[in-house]
Amino acid sequence: PLGEFLPVEYYMSAIFSIFAALSMLPLIHFSAADANGPILRRGLLCEIGAGRFFVARIASGAMFIFLVLTMLFPSSIIMHLSGDMLGGVYVSSFAALLSAMLLTALVFSTLALAIAVWAPSERTALWFGFFFAVCMAGLCGALVPEGTLPETAAMIGKWLPLRASMRMLSSSLFNYSHGVFFRDAAKSLGFTAILLLLGFWGLKRRERRV
């Protein structure tokens, strides 16, 4: 009832995915404030276009979220050392873990900027980001066991970034499978591509208003 992994494994990936999602909040706060305030206008006056602002925010946001996820390294080492006690036989991949962390950081960074540039105000953006992160956690099985969710909710959760992040982290840490990992990596890349377009469109829309 707790998903495809043992509870301790399932919820370890869930906790770190939630940390990554909640790490969007400071990014949303600063990006919304800058996009609504003098930072963007000053950049335009100095001939620093929206494109450079966009790339800088995506890159810095991804770096911030990646640093949050680096706690996975000591946690995974502890889990593997205590595998015998927990009754787990783990098949992991460091390259897959690193890729999962990078993809998770990138998708949530792009989501944070998309929310920041489309929300009408800084306060609205921050609250929307918070409630969206909580809703994702609920629908993706991070707050309650996936097996107890209604079928419709579970189906929606499978197409949210948090679910792909949870599955990538679980697969790379505990039960690595090429097929499962690359399927969820492809989902994360798809989410990122859509959010990049949405975020850049929203930023160019703000640029025209300045």
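The values are calculated or read from the model by the stated rules, or taken from the named source; none is laboratory data. Values in this document were obtained by computation on a predicted structure and should not be read as measured data. Positions of Cβ are generated from backbone atoms using ideal geometry, with glycine treated the same way; all protein chains shown enter the neighbour counts. Remember, those area values only see protein heavy atoms, side chains included, never the ligands or the DNA or RNA. Shrake-Rupley method; radii C 1.70, N 1.55, O 1.52, S 1.80 Å.
Observations
- For region 164-183, filtering for residues that are open to solvent by less than 20 Å² (accessible area, probe 1.4 Å) and either without any contact (Cβ under 8 Å) to a residue 24 or more places away in the chain or in a loop (DSSP other than H, G, I, E, B) (or both) leaves 1.
- Screening residue 130 on (1) modelled with pLDDT under 90; (2) in a helix (DSSP H, G or I) shows it passes everything except condition (1).
- Those helices (runs of 4 or more DSSP H) lying entirely in region 12-93 with at least 3 residues more than 26 Å from residue 175 (Cβ to Cβ) and modelled with pLDDT under 85: 24-36, 38-45, 50-69
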